[in-house]
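Enquirer: Dropping the structure in here first, questions after.
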Amino acid sequence: MQNFEYCNPTRIVFGKGTITELDRLVPAEARVLLVYGGGSITRNGVYDQVKAALGARTVLEFGGIEPNPAYETCMEAVQLARRENVNFLLAAGGGSVIDGAKFIAAAVPFTEGDPWLFLEKRGEVIPKAAVPLGVVLTLPASGSEMNAIAVISHRGGGEKRAFDAPLLYPRFSILDPEATFSLPLNQVRNGIVDTFVHVVEQYLTYPAEASLQDRQAEAIILTVLDEGPKTLANPTDYAARANIVWCATNAFNRSLSCGVPVDFATHNIGHELTAVYGMAHAESLAVVLASRWRLQKTAKQAKLAQFARRVWGVTEPNPAVAAELAITHTLDFFHRLGMPSRLRDYGISAVEAAEKIAARLAARRAVFGEHADVTPDKVAAILRMAE
Ligand code: NZQ
Ligand code: ZN
């Protein structure tokens, strides 16, 4: 096991009726900016619950954070927050709203240039201050409610990039599974796939003698295999949805990353597909994952075979055959959820995508994967395989 340091300061308040806890969690004197998306919270009653719980506090509002949140939109909220001396941000929504709010939180006190530098020069320009942030989650998928990562799209520049900083952990996240009941089924499906891929990006690399982390990853996947189809078949089954919400949070609160190598090539390539073709996040992942694995099946063989045996019940003794079975079982699961797994399913030419995206990545000298060997050429090969 590799050395690691882990501190996750986000308080989780989980369960039915927990939005009322905002009254206890948000400081009484706070000047709150409530950040939300395109209006789902007004239609499903979450907005009314939030406003009631905040009571007499000063609450300003910024709606309109779009899926794959835009830098340009978030900057409008930054101006508002600065003008109004906001000292608490409350994000009510899915990963896009939470990520947008994280960016706003870091951008408000930043005076050393354009806050896009956090993403363009990730690791070099790091937020040193941030407005405190609380979350009311409405979509189980991103894990953003309990991590310090934000993914932002620069519409003008045609980029989608991530950044992270310890200051971006939400102070608290309220996870009321009933707040997710209004989700359309395709968003529930996307959330299940995103959760699955978060787990395997941290698990499916090479053996690192991290037995507990392996078992934790397998436990989340096994739970998702059980509860995912249940929550799709019966969206208001509280137990199934509650389990999916808690899986999504645990899949990406970075506990699975402790002491192990991580991949994230599928996410990095997926972000490019979203930037260039506007694909939804999870749809991009489902298109890339199997080809990413197949390209380096030998390097990943030990973990793929372990995945096949422990999760998919494969008894095949030959590790190479077992590894391929893990991939076909994964694709079968995505297909059973109704998730396409090919670029052609979206009318995208694999040859064109490979060329365009490899050129973009070469221009910024990007390399991905647990061995830092997924070069732009390999990305092109992966995309051609995802035809
Ligand atoms: O905008 P509103 O009106 O709220 O509608 C949203 C949006 O249209 C809707 N929705 C959310 N909750 C709902 C609801 N509709 C009905 N009932 C509800 N309860 O769902 C649509 C999609 O929302 P979005 O927030 O975009 O989805 P998701 O949570 O999947 O987030 C995707 C974003 O998260 C980023 C992705 O790149 C993408 O930008 N990610 C963030 C990560 C992180 N911070 O750690 C990691 C992930 O890998 C991911 O990259
Ligand atoms: Zn993801």
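Enquirer: Run down VAL35, VAL59 and say which single residue is more than 24 Å from ALA242 (Cβ to Cβ), among the β-branched types (Val, Ile, Thr) and away from ligand 1 (no atom under 15 Å from the Cβ).
Expert: The unique qualifying residue is VAL59.
Enquirer: Next question, about the same structure. Run ASP263 past the list (1) assigned to a helix (DSSP H, G or I); (2) within 16 Å of ligand 2 (Cβ to nearest atom); (3) in contact with a strand residue (DSSP E or B) (Cβ under 9 Å, 6 or more places away or on another chain) and report the number of the one that doesn't hold.
Expert: Failed condition: (1).
Enquirer: Considering only the stretch 61-92, state which residues are within 16 Å of ligand 2 (Cβ to nearest atom) and crowded, with 24+ Cβ neighbours inside 10 Å.
Expert: Within the stretch 61-92, just PRO69 meets the criteria.
Conditions tested, residue by residue: (1) surrounded by 21 or more Cβ atoms within 10 Å (Cβ to Cβ); (2) under 15 Å from the mean Cα position of the chain (by Cα); (3) away from ligand 1 (no atom under 14 Å from the Cβ); (4) modelled with pLDDT under 95.
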{"site": "ILE174", "(1), (2), (3), (4)": "yes, no, no, no"}
{"site": "VAL200", "(1), (2), (3), (4)": "yes, yes, no, no"}
{"site": "TYR203", "(1), (2), (3), (4)": "yes, no, yes, no"}
{"site": "ASN268", "(1), (2), (3), (4)": "yes, yes, no, no"}
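Enquirer: Then there's this: Could you identify the single residue in GLY143, GLY113, GLY156, GLY95 that is surrounded by fewer than 16 Cβ atoms within 10 Å (Cβ to Cβ) and touching a residue at least 60 places away in the same chain (Cβ under 8 Å)?
Expert: GLY156
Enquirer: May I ask you to verify whether ASN234 is at pLDDT 95 or above, of a type outside the set (Gly, Ala, Ser) and either more than 15 Å from the chain's Cα centre (by Cα) or more than 24 Å from GLY347 (Cβ to Cβ) (or both)?
Expert: Yes: the conditions hold for ASN234.
Enquirer: Also, quick follow-up: If I go through the stretch 35-60 residue by residue, how many of them are outside any helix (DSSP H, G or I) and under 13 Å from VAL97 (Cα atoms)?
Expert: Within the stretch 35-60, residues that are outside any helix (DSSP H, G or I) and under 13 Å from VAL97 (Cα atoms) number 5.
The values are calculated or read from the model by the stated rules, or taken from the named source; none is laboratory data. In this text the structure is predicted, and so the values were computed from the model without any measurement. Neighbour counts are summed over all protein chains in view; Cβ atoms, including those assigned to glycine, are modelled from backbone coordinates with ideal geometry.
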